[in-house]
Amino acid sequence: MSQGELKKLVIKAYKDEKFNDAVGDGEFTTLVNPEKYMVAYKPEYEEQQGQGTSGTQPKFTKIAPQELDLDLLFDSSGVIDGEANHTDGIIDKIEAFKRIVFDYNGEEHKPYYLMVKWGALLFKGSLVDLSIEYRLFAPDGTPLRANAKLKIKGTVDDDLRVARENNQSPDLTHYRKVKAGETLPLMCHRIYGDPKYYLEIAKVNNITQFRKLKPGQELFFPPLQKFA
């Protein structure tokens with residue numbers, strides 16, 4: 001990807017914590033990329049009172065899961081994309097967004113697992129907080145602009161750097177875009193050192209015609225130990 005190419009932030013919903021079973025229509029692409037995002041790292045300690053001391057001695061216990069804070073913009077005023085919609089406003093867009101990040105997975109009775117992808121950011125987790133602030137309205141009160149604030153608690157450690165480093169280790173998760181002439185066995189050989197995993201990769205990516213890959217198609221390659 002060239003440095004001048006604009007890539008939008010995408011949130012994908014999954015039914016399982018391994019991020020293999022994607023929700024059919026569970027993908028959201030932001031209208032405008034956020035100005036910032038914050039990833040919080042929180043070491044946890046327990047306070048212990050030392051015998052004969054006047055203060056407590058903090059003892060490290062563990063690193064808590066990372067947390068990702070995002071602010072996303074919704075707008076139907078026409079200022080951003082030139083397509084004003086004062087009749088329905090942003091209600092439909094907000095509801096579609098909530099179905100992805102907030103609605104319950106009926107099988108597990110909990111919100112879907114979320115994967116956030118944008119440039120160097122690759123974050124997997126579950127929604128723990130969502131607030132929506134409506135900021136602009138049509139004369140009849142229809143909301144035309146809103147900011148959604150999300151907090152997502154990570155389910156895996158340190159995924160922030162994975163997309164940027166593109167590490168070749170077969171023990172890491174990989175995302176690849178198919179290039180002209182590439183086959184699934186060839187891609188498996190390059191990532192895992194063995195083409196034999198192509199059937200498993202076809203399955204996790206819901207590919208039925210693995211001999212007809214399309215250039216530009218993005219594929220997910222789980223860590224090698226998943227197949228061990």
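Observations on the structure shown:
- Lone unmet requirement of (1) modelled with pLDDT of 90 or more; (2) surrounded by fewer than 16 Cβ atoms within 10 Å (Cβ to Cβ); (3) under 30 Å from Pro43 (Cα atoms) for Lys151: (2)
- Within the range 172-200, the set of residues being among the hydrophobic types (A, V, I, L, M, F, W, C), surrounded by 17 or more Cβ atoms within 10 Å (Cβ to Cβ) and more than 24 Å from Ala120 (Cβ to Cβ) comprises Leu184, Cys188.
The values are calculated or read from the model by the stated rules, or taken from the named source; none is laboratory data. A quick note: this is a predicted structure, and the numbers were derived from the prediction, not measured. Glycine also receives a Cβ, built like all others from the backbone with ideal geometry; neighbour counts cover every protein chain displayed.
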